[in-house]
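Before any comments, here is the structure.
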Amino acid sequence: MLVSSSTPDNLWGEAILSACHLQNRIPYKKTGITPYKLWKCYSPNLKYLKVWGCLAKVMLPEPKKRKV
């Protein structure tokens, strides 16, 4: 997150806290229930989450790559 957004190095702690916060709101693959719901017994409100600038690249599988 920090490398692609070119923020200062002193924000690594905040980035780790943000990542942990989001991990607790993502469902497990096996159960489909979030850790937040297991702990609090209700689903979290995710309306406050917003997308912020980060670098994203799309990789095409080999069969779809062609020379132009």
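The values are calculated or read from the model by the stated rules, or taken from the named source; none is laboratory data. None of these values were measured; they are calculated from a predicted model. Cβ coordinates were reconstructed from backbone atoms using ideal geometry, including for glycine residues, and neighbour counts include every protein chain displayed.
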Checklist line | Failed item, numbered, when residue 5 is tested on (1) of a type in the set (Gly, Ala, Ser); (2) over 26 Å from residue 57 (Cα atoms); (3) in contact (Cβ under 8 Å) with a residue 12 or more places away in the chain | finding: (2)
Checklist line | Output for region 1-44, where each listed residue is among the acidic types (Asp, Glu) and surrounded by 10 or more Cβ atoms within 10 Å (Cβ to Cβ) | finding: 14
Item checked: Tally of residues being assigned to a helix (DSSP H, G or I) and at pLDDT below 85 across region 40-68 -> 3
Checklist line | Failed item in (1) outside any helix (DSSP H, G or I); (2) over 15 Å from the mean Cα position of the chain (by Cα); (3) not aromatic (Phe, Trp, Tyr), with residue 37 passing the rest | finding: (1)
Item checked: Cβ pairs under 6 Å, 6+ apart, first in region 31-42 and closer than 14 Å to residue 21 by Cα, second modelled with pLDDT under 90 and in a loop (DSSP other than H, G, I, E, B) -> 34/25; 34/27; 35/24; 36/24; 36/25; 36/44; 37/43
